[in-house]
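Structure first, then comments.
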Amino acid sequence: QVQLVESGGGLVQPGGSLRLSCAASGIIFSINTMGWYRQAPGKQRELVASISSGGTISYADSVKDRFTISRDNAKNTVYLQMNSLKPEDTAVYYCNYKVSMTNYWGQGTQVTVSS
């Protein structure tokens with residue numbers, strides 16, 4: 001089993017920044033993909049960004065050039081630096097750890113962008 005603990009959400013004004021962190025523990029696999037998804041009220045959960053253990057990165061078009069995903073393999077931790085935040089970025093953000101076809105999820109952290 002893999003446990004994921006997220007931190008870093010909160011309330012921020014439009015144009016502001018937040019940094020999310022997610023630490024994985026338990027049974028850690030050397031080949032994996034970690035990422036962030038988000039779900040706004042009334043909407044489906046969507047991929048925000050992902051990064052493989054080999055460094056391959058993917059972003060949703062809506063966050064390109066504003067968000068940056070990174071990871072520290074020694075700490076089994078993934079980060080999401082979010083800049084130039086917009087009200088439409090408001091959602092619960094979930095950390096994801098994927099090994100082969102198995103997905104593990106964090107409990108979610110609320111990000112609210114509002115003036």
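Could you tell me whether V113 is at pLDDT 95 or above and open to solvent by less than 40 Å² (accessible area, probe 1.4 Å)? So V113 fits the description; yes. Pairing residues of segment 102-115 that are over 13 Å from V5 (Cα atoms) and touching a residue at least 24 places away in the same chain (Cβ under 8 Å) with residues that are among the β-branched types (V, I, T) and outside any loop (DSSP other than H, G, I, E, B), at Cβ distances under 6 Å and at least 6 apart in sequence or on separate chains, gives Q110/V92; V113/V12.
Within the option set L11, L20, being open to solvent by 50 Å² or more (accessible area, probe 1.4 Å), assigned to a strand (DSSP E or B) and not hydroxyl-bearing (S, T, Y) holds for one residue only, L11. Looking only at residues in segment 39-82 that are part of a loop (DSSP other than H, G, I, E, B), at pLDDT 95 or above and within 16 Å of W105 (Cβ to Cβ), the one that is most open to solvent (accessible area, probe 1.4 Å) is Q44. Look at (1) on the phi < 0 side of the Ramachandran plot; (2) open to solvent by less than 60 Å² (accessible area, probe 1.4 Å) and you find that P87 fails only one, number (2).
The values are calculated or read from the model by the stated rules, or taken from the named source; none is laboratory data. Keep in mind it's a predicted model, so treat the numbers as computed, not measured. A quick note on method: Cβ atoms are made from the backbone with ideal geometry, for glycine too, and the neighbour counts reach across all protein chains shown. Heavy atoms of the whole protein, side chains included, go into the accessibility calculation; ligands, DNA and RNA do not. Shrake-Rupley method; radii C 1.70, N 1.55, O 1.52, S 1.80 Å.
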